[in-house]
Amino acid sequence: MKIFNTMTREKEELSKKELKMFVCGPTVYDNSHLGHARTYIAYDIIAKYLRYRQFDLFFLVNITDVDDKIINRAAEMKKDPKDIAIQFEKTFMDDLESLRINNIDKFARASEHINEIIDQIQRLLKKKFAYETRTGVYFDITKFPDYGKLSHQNTEELKKHRIEPDNTKKHAQDFSLWKRRDASELGWDSPFGFGRPGWHIEDTAISEKYLGSRYDIHGGAIDLIFPHHEAEIAQMESVSGKKPIVSLWTHTGFLLVNGEKMSKSLGNFITIKDALKKHGPEVLRLFFSMSHYRSPINFDEVNLKQTKNTLETLYNALSVLESIGKGKDSGKEIESEVNRIKSAFIGHLDDDFNTPYAISSVFELVDLINKYASTGKKISADSKNLIGSTLMEMCGIFGILKNNANVKITEDVKKLVSERETARRKKDFKKADTIRKKLEGMGIVLEDTKTGVRWKRKL
Ligand code: AMP
């Protein structure tokens, strides 16, 4: 199994079975938008798949509940920053649940790790990687020659960035570890004065506590490569003296709107809640899965509508499978075809989680179902089970095809479908129509085809 490493810019083999993965969580100052969903759905699928492939995964996400953005938002809303963070953390958690993101083992709030943060800063000061000024504590990037290795920037390129302008810093690129603040603001007592932590140190204090000084996979969207992840490397590798902090650096591509990152600051966003109301979780999950996690995706309502049709095709495949006549078949032929498709599916996902290719394998299975349905060939109950369960298993990785708890047509529905058929044969179209409407009310849509009537579940 290979994963693309942003550090080496190559796909690298996963060499061990026990994996620790850390994905940067949200700054909780507003409702999350579909751009966030893009990243968290990608990691949900990655985690699901790693577990499907028998990796023993521990998946950690932090919550940035101490940040200037939260404090500014609280001031705007005339509220306590702590209440703002609690409010938007709750909406984030609700969004994850609605999107069926359920593979994270541990969420860790920055505000609950202030001691660990202070301890890490003290160690950095002691080792002289950091220095104090009257405004706070800063990391001295000249003490860490590897600074820039993740974003592949040399010293000259790094100098172009203006990070946290503050004229007490030794170098413009030094980043803050602790910000001294007035006691009236949100903050904590520390050996370096009352204040609050910088963003980057929150994450390494949390990752060190739960994963140790070195772990396997770290992720987030590409905007986090610099300065955030670069700073995490500098902090942790300096504190521990061990490298690399992370074996595999992974980054998701952006969700774009007209070529620009969907973001709160550009105002071009749609909240997860609104998108869910319009499209439901499965359309969104399938929409994102149809692009590679590292590729940018253009947000497009037309594409989302098409994705709904694609999802319908998958649901239909289940009902088409159901409608195929039962009889003796050459079991081996079907089994080997299903196995071939499943190995291709696994091969694609083993290759840096190539979800779009994996979905094309899912559609090969759908084609197989349609082939049997259109030729009128019968297949055995075992073959039907094999095809159906493989389809569900594959779709399960993407978290779709879950709305079919009662996809097996009930006896009531079967009876109504057959009554309608009889009515149609007798040309009693009024009765046939009444039954069709009744079935629609039960969430079943009928489709008259050359090989007979088929039903599908309304999405
Ligand atoms: P934030 O709350 O802004 O720190 O973002 C939380 C996570 O969502 C980070 O990994 C971001 O990089 C990611 N993210 C934010 N906007 C987008 C977007 N438009 N597309 C993909 N990921 C995003």
Task: Scope the range 282-311; condition outside any loop (DSSP other than H, G, I, E, B), within 15 Å of the ligand (Cβ to nearest atom) and among the hydroxyl-bearing types (Ser, Thr, Tyr); matching residues - done: SER289
- [ ] Determine which member of the set ARG51, ARG100 is farther than 26 Å from GLY195 by Cβ, in a loop (DSSP other than H, G, I, E, B) and assigned by TED's automatic domain parsing to the domain that holds VAL246.
- [x] ARG100
- [ ] Output the number of residues of the range 249-281 satisfying the condition of being more than 16 Å from the ligand (Cβ to nearest atom) and either hydrophobic (A, V, I, L, M, F, W, C) or in contact with a Cys (Cβ under 6 Å, 6 or more places away or on another chain) (or both).
- [x] 1
Task: Flag if ASP67 is in the same structural domain as ARG196 (by TED's automatic domain parsing) and either over 19 Å from HIS113 (Cα atoms) or more than 12 Å from the ligand (Cβ to nearest atom) (or both) - done: no
Open item on the list: Restricting to the range 92-142, give me the number of residues that are of a type in the set (Ser, Thr, Tyr) and either under 30 Å from VAL283 (Cα atoms) or under 34 Å from the mean Cα position of the chain (by Cα) (or both).
Closed with: 3
Task: the range 237-260: number of residues that are assigned to a helix (DSSP H, G or I) and out of contact with any Pro (no Cβ under 9 Å at 6 or more places or on another chain) - done: 3
Open item on the list: Being in a loop (DSSP other than H, G, I, E, B) and under 19 Å from VAL453 (Cα atoms): is that true of LYS377 here?
Closed with: yes
Open item on the list: I'd like the full set of residues that are within 16 Å of the ligand (Cβ to nearest atom) and either among the acidic types (Asp, Glu) or surrounded by fewer than 23 Cβ atoms within 10 Å (Cβ to Cβ) (or both), limited to the range 200-219.
Closed with: HIS200, GLU202, ASP203
- [ ] Kindly check whether there is at least one residue in the range 66-81 that is part of a strand (DSSP E or B) and surrounded by 20 or more Cβ atoms within 10 Å (Cβ to Cβ).
- [x] no
Open item on the list: Residue pairs, Cβ under 7 Å, 6 or more apart or interchain, first in the range 197-211 and more than 15 Å from GLN122 (Cα to Cα), second outside any helix (DSSP H, G or I) and charged (D, E, K, R). List them.
Closed with: TRP199/ASP67; TYR210/LYS106; LEU211/LYS20
Open item on the list: Show the residue pairs meeting these rules: Cβ distance below 8 Å; 6+ apart or different chains; first residue within the range 157-185 and farther than 20 Å from ILE121 by Cα; second residue of a type in the set (Lys, Arg) and crowded, with 18+ Cβ neighbours inside 10 Å.
Closed with: GLU185/ARG196
Open item on the list: I'd like the residue in the range 27-47 that is within 9 Å of the ligand (Cβ to nearest atom) and among the β-branched types (Val, Ile, Thr) and, out of all such residues, is nearest to PHE59 (Cα to Cα).
Closed with: THR39
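The values are calculated or read from the model by the stated rules, or taken from the named source; none is laboratory data. Just so it is clear, the structure is predicted and the values come from calculations on it, not from any experiment. Virtual Cβ from ideal backbone geometry, glycine too; neighbours counted across all protein chains shown.
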